[in-house]
1. Over the Cα atoms, compute the radius of gyration (one decimal) and Dmax (the largest Cα-Cα distance, rounded to a whole number) for the range 46-352, in Å.
2. Quick check: pseudo-label points 7 Å beyond the Cα along Cα→Cβ at S231 and S285, how many nm apart are they?
3. At a Förster distance of 45 Å, what's the computed FRET efficiency of Y106 paired with R313, Cβ-Cβ distance as r, to 0.05?
4. If I take R0 = 22 Å and measure r between the Cβ atoms of D123 and T356 in this structure, what FRET efficiency does the formula 1/(1 + (r/R0)^6) give, to the nearest 0.05?
5. Calculate, in nm to one decimal, what A148 and D57 gain on full extension: separation in residues at 0.36 nm each, minus their alpha carbon distance.
Amino acid sequence: MKKLFHWMMAAILFCGPMVFTSCSNDDEETIVPSTKNYFTLWNSCEALTALQAYVKDVTNPASPNYIKEEDRIATFDMDGTFVGELYPTYFEYNLLEYRVLDDPAYRDIAPDDVRETAQEIRDFVREGKPLPSHFDMKHAEAAAKAYAGMTIAEFDAYVKAYASKPANGFSGMTYGQSFYKPMLQVFDYLEANGFTYYVVSGSDRFICRALVESIGIPSNRVIGMDVKLRSSSQGDETGVNYTMGQKEDLIRTDELIIKNLKTNKVLQITQEIGKVPVLSFGNSSGDCAMHNFCLTSPHKSAAFMLIADDNERDHANYDKAIKLGAQWREAGYHVISMKDDFKTIYGEGVVKTDFTF
């Protein structure tokens, strides 16, 4: 008996702790290892199989494709990849429209060019009027002006206040709750397997930070559109010549630094992360450069595109999504179908409704 006890103790010390669950019938009990299912909100699908096979391979020390934890970098676009963007347009577009045309504290003092941009968003969402070409840059420049003078804390509170409003086109959900629940499980799965993930968005960096705070993404892992900041008493002095005091705040200016789309995403990833990601997730052509950069990694890598093809649970253009899916597969990306692959999008109790204006 002593020999058996010593053998069991040696096995425990050698192998380390293990968690077991019991599977039994009337005659016997069998002990099997417990494995957590991270993907309870997913259907069995090609994209999920590819992701799990990839992670299993690159985290296996015996695999020739093994990647050390410090190099397991994943990048995620935000709008349309794990946050809703069809209510009826991007969160930051909705926010600018509200700021300029509805907010009583600002609507009467908005500059004419900023007002024009906000009206173009309103005409787009209410009347279907096409946005002007290169509108992403026009919006970025208008947004820089619309929030200039706000401290970082004031802007954060402003974004969160708007995010607490009911999401247009849905019941049972605010803008700030509009996460694709299955995609949040991807975050948990990657983190459990030693990956560090970053949000790399075309939206304002501080808007992104405000939105993802509730799901535990650290602010230093958020990359987005940037405007110049200054200290509240800095005046016209450059930061090189001015020493900030202990009682000053940081303030947004009206000067745009970068719109973080397409190749700019690659440049910012290189500037801020300093490594080529091995996993990349997106949903639009604005993410292709980031995906292509990922696929140049010296390590085994993979890129995933989500298509908005579910017009029952979300406001989607099915025909457009299917065409994009074919395009993304041709480019060598794995395709995630919201319609086929997600058991839910926003969670129980959230129902698609007509837009209200």
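Any read-out appearing in this document is the output of simple, stated calculations on the displayed coordinates, not a laboratory observation. Here the structure is a predicted model, which is why all the values come from computation and not from measurement. Every residue, glycine among them, receives a Cβ derived from its backbone with ideal geometry; neighbour counts consider all protein chains shown.
1. Spelled out, the Cα radius of gyration and Dmax of the range 46-352 are 20.0, 65 Å.
2. Calculated label separation equals 4.5 nm.
3. 0.85
4. 0.85
5. Extending this stretch completely gives an extra 28.0 nm.
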